[in-house]
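I have placed the structure first, in the form of structure tokens, so that the comments after it can refer back to it.
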Amino acid sequence: MSIDRRTFLAATAAASIASASGGAIAQGKKYRACVIGDTKDGGYGHDVHLIFKTRPDVEVVGLADPDEAGRAQRAADCGAKTQYADYKEMLAKEKPDLVAVCPRTTPRHKEYLLACAEIGAHGFIEKPLCVDLAEADEIIAAIDAKKLKWTIGFNFRSTPLVQHARKLLVEDRIVGSILEVRSRGKEDDRAGGEDLIVLGVHLFDMINFLFGKPQWCYSDITFNGKPATKENVTEATEPLGPIVGNRITAAFGLGNGVPAFFSSMKSKDGNGGRWGIDVYGTQGVMSIRQNIGPEIFVLKDSSWSPGGSDKKWEPLPNAPQSPDQGDHLQRYSIIVNDLIDSIEKDKQPVINLNSGRDALELIQAVFDSCVQGKRVEIPVEDRTHPLKRWA
């Protein structure tokens, strides 16, 4: 598989993300930040309210949450000076430079982001970006119109280890020519449609980053062993928009005819630790497991069968140190540093809202192919949610 110039340049820019540390301290700038959370509707994601604690040049001046107890607890956690029940009141009074949008549920993401755009705030939002592509297009148009800088919580892709893995795959050809890419969701009790949204979004962001955006998608979705129908459309266990199916298999077309696959299937065995991506090449396999790590290993065996040879799985050569993704303070530090750097240098963050929309587009393409019963082209033509149209 070859990588086109646009994809290579984007990846080269991404390689600099780990070195961005922001220049605000040297310039004497102190940023005012606010936090939007909702204890009973999406909470605070993976402790997104703490993302500014590693930046001495950022002061959290307000936190909004309609739940009184949750509001008090999270405000204490992040050191927010003032608490609000209404996020709109907070934005109007505090006029922040930065906002952290924390809820992991998506139905109100557009509302939050449009309100932030209205007051001219930059910021960070938990993934997924929003419910559908129509919302994503509207959000990005509003943010771009104000020339604001926003990033999204794709913490795995930001790590130096993943940046290094891409260099080994694309430039050094550590597994030779790429033949196919396989990915699987977490396959816990959310296996199928919800897994596709919640965990698949990380996988799709990684696929876009490593190989460029796919050109088409064809999916097969079943519910309890039978082809999914519009009667099987339901809501996820948390507000994320409609879902369908408890078994999904989807194929995507990358450059030069290389296929990429996503699968998620509900089974009695549950989560087997397979959440991640495997890259198969003419000279070996690279295994990327998201987990807390991420953890990345390579098998330099063209047969892909270490049991029949003396080849063994090995860590990546010259692997750089990455922030501990289990550390609530460090998990998003690279992304936040790049956000501040982007504000000061008037450039797009390496991981930006377009990244969120591109990952969401692959999710929507999977559902759209099921609804239409055929291969769909990417970019997806109809930006509304396919399951809403279907049901």
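Assign one of three labels to region 31-126, namely rounded, prolate or oblate, based on the Cα gyration tensor with a ≥ b ≥ c the square roots of its eigenvalues; rounded applies when a/c is under 1.5, prolate when it is not and a/b is larger than b/c, and oblate otherwise. Please list the in-between numbers first.
Details: a/c = 1.28, a/b = 1.04, b/c = 1.23.
Rounded shape, in that the Cα axes give a/c under 1.5.
Rank by packing, highest mean first: peptides 351-360, 207-216, with packing defined as the count of other Cβ atoms within 10 Å averaged across residues. Numbers along the way, then the final one.
Details: 351-360: 23.6, 207-216: 20.7.
So the order, starting with the most tightly packed, is 351-360, 207-216.
For n ≥ 4 DSSP H runs only, could you compute -39500 (n - 2.57) per run for the chain, divide by its residues and tell me the 222 nm figure to the nearest 500?
Numbers: 13 runs with 128 residues, N = 391.
Per the formula, -9500 deg cm²/dmol.
Qualifying GluC sites (Glu not before Pro) in region 323-391, where qualification requires a DSSP coil assignment and no more than 13 other C-beta atoms within 10 Å, comprise GLU381. Round to a whole angstrom and tell me the spacing of the C-alpha centers of region 282-328 and region 204-222. Region 282-328 and region 204-222 have Cα centres spaced 21 Å from each other. Taking the chain, how much of its Cα-Cα pair set, in percent, is spaced more than 33 angstrom apart? Here the long-distance tail beyond 33 Å is 31 percent of all Cα pairs in the chain.
Mind pulling the angle between the C-alpha long axis of helix 5-14 and the longest principal axis of the chain? Nearest 10 degrees, somewhere in 0 to 90. The angle comes out near 50 degrees.
Over all pairs of different C-alpha atoms in region 134-202, the reciprocal of the mean inverse distance, the Kirkwood hydrodynamic radius, equals 15.4 Å. The trypsin sites (Lys or Arg not before Pro) found in region 257-349 that occupy coil by DSSP, while having at most 11 further C-beta atoms within 10 Å, are LYS268, LYS312. Summarising the amide proton neighbourhood of VAL58: residues at separation of 5 or more, or on other chains, whose placed amide H is nearer than 5 Å comprise TYR31.
Report, in degrees rounded to the nearest 10, the 0 to 90 angle that the Cα long axis of helix 200-211 makes with the longest principal axis of the chain. Once rounded, one gets 70 degrees. For region 284-391, taking Cα atoms only, Rg and Dmax work out to 20.1, 55 Å respectively.
To put it simply, the accessible area of the chain at a 1.4 Å probe is 49 percent carbon and sulfur.
On a per residue basis, the convex hull of the C-alpha atoms belonging to region 130-264 measures out at 147 Å³.
The values are calculated or read from the model by the stated rules, or taken from the named source; none is laboratory data. Just so it is clear, the model here is predicted, and its values are computed rather than measured. Glycine gets a Cβ as well: all are built from the backbone with ideal geometry, and neighbour counts include every protein chain shown. What goes into the accessible areas is simple: the full protein's heavy atoms, side chains included, and nothing from ligands, DNA or RNA. Shrake-Rupley method; radii C 1.70, N 1.55, O 1.52, S 1.80 Å.
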